[in-house]
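Read-outs: derived from the displayed coordinates by stated rules, not from any lab. Just so it is clear, the structure is predicted and the values come from calculations on it, not from any experiment. Positions of Cβ are backbone-derived with ideal geometry, glycine not excepted, and every protein chain shown enters the neighbour counts.
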Amino acid sequence: MSHQYPSLQHDNTLGLEVGAYQRVIADTPATILRAWQEAKENNRPLLLLGEGSNVLFLEDFTGTVVLNRIKGIEITEQDEAWQLHVGAGENWHALVELTLKKGIPGLENLALIPGMTGSSPIPNIGAYGVELKDVCDYVDVLHLDTGVTQRLRREECAFGYRDSIFKHQYQQGYAITAVGLSLSKKWQPVLTYGDLMRLNPATVTAWEVFNAVCHMRQSKLPDPKVTGNVGSFFKNPLISREQANQLMLSYLNMPHYPQANGEVKLAAGWLIDQCDLKGFRLGGAAVHQQQALVLINADRATSQDVVALARTVRARVGEKFDVWLEPEVRFIGAQGECNAVEAIL
Ligand code: FAD
Ligand code: EPU
């Protein structure tokens, strides 16, 4: 009898009907290590997963998917800050709420981001003017071949825009098991983005910021429990100042954000929107009506539908603006991660 692959449909927020040879729930580092050794002995690949809110499975995975569910939150109060040691399998948004309930501000701008705390350093999650790097103290990584856990301090994590060392040097053969956060007692609200600018910095509370962030997000981003999606499908592109100046001659109202290094970040959602792609549909996949940077599983989409849609979106934006979008989402093939840009050329 052929092996029946367990389903991953509820383990990826796009809700794609894909499977894996084996699906393991790990609530300890030892379980991850055992799964790694067994996979190696059987010459099968292994993929760590949190809540699958930043992955696109291109097909069934031929190895073991390990769902990281390592729990535990320890909070220590110090003179200047609260220090948190958080198990990698703690849900991020639940952590944000828990800290606020305990009277510890600092994570409110990062409310409602799906996924596990252990995944948060990998793309250096960010929203509404705050990134994980602003609150991260350290990341504990388990080296799967040796079983040794190493603590990387924030400065060692090479955090950048949707980037970190965990997408490069520490990508293969490592599992994040815990994240350390440091939340300063000298709380300052970050009110630099969108509707947050309307709040009064002298009187605003962290809960008010939290509520405003939740409200903005709920008005544009689809809830993955209702409509499959992976948040922003593409990164916001960084282009040269010369190219940005050139584009602004034709598009006066183009959102643009000059960076410290001289580059200019554009809003990919705006670029896609300008191509009149909101609501555009290919097979079961569609461009979200409220936010063009989000691709959704509108109706039983297949991986191929999502890939075809992403390819079309990238080509249309590229042809119109000569700006070539790169996926933010990680593309996972039968054996492991693939080059996402090549997959949609
Ligand atoms: P997964 O998708 O499970 O995994 C992502 C990658 O990390 C995979 O390559 C996986 O192999 C690897 N990985 C997972 N766990 C581990 C581990 N323990 N050790 C080593 N590698 C591991 N992101 C933002 O930055 N800002 C936003 O505002 C935002 N909004 C979103 C809104 C919606 C509606 C959705 C669906 C997504 C959004 N995202 C956002 C993207 C997503 O929430 C983040 O990337 C999140 O950190 C992914 O967490 P996860 O546990 O689901 O990771
Ligand atoms: N815009 C449009 N049309 C659209 C979408 C956006 O014109 O269809 C314009 C908006 O009006 C705004 C600009 O584009 O002027 C930026 O849009 P928005 O504020 O919605 O943010 P974003 O750049 O699309 C980024 C992150 C989000 C994060 C928000 C808030 C990336 C790739 N995405 O989105 O992160 O929540 O800012 O900080 O950087 C994610 O990574 O999955 C994600 C959702």
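Between region 173-189 and region 23-61, what is the C-alpha centre distance in whole Å?
24
Excluding same-chain residues fewer than 8 positions from Lys320, which lysines have a Cα within less than 22 Å of its Cα?
Within reach: Lys235, Lys265, Lys278.
Round to a whole angstrom and tell me the spacing of the C-alpha centers of region 68-127 and region 318-345.
Region 68-127 and region 318-345 have Cα centres spaced 30 Å from each other.
Any idea what log10 I(q)/I(0) is at q = 0.17, 0.18, 0.22 Å⁻¹ for region 148-215, Debye with uniform C-alpha scatterers and no solvent?
Taking Cα atoms of region 148-215 as identical point scatterers yields -0.82, -0.85, -0.95.
Rg and Dmax of region 96-206, using alpha carbons, in Å: what are they?
Over region 96-206's Cα set, Rg and Dmax evaluate to 15.4, 52 Å.
May I ask which of Lys71/Lys186; Lys102/Lys185; Lys185/Lys225; Lys102/Lys225 have a Cα-Cα span longer than 23 Å here?
Long pairs (Cα-Cα over 23 Å): Lys71/Lys186; Lys185/Lys225; Lys102/Lys225.
What would the Debye equation give as log₁₀ I(q)/I(0) for the chain at q = 0.10, 0.13, 0.16 Å⁻¹, counting only Cα atoms as equal point scatterers?
So the normalised log intensities are -0.63, -1.08, -1.53.
What is the packing order of peptides 72-83, 320-331, taking the mean over residues of other C-beta atoms within 10 Å and listing the highest first?
320-331, 72-83
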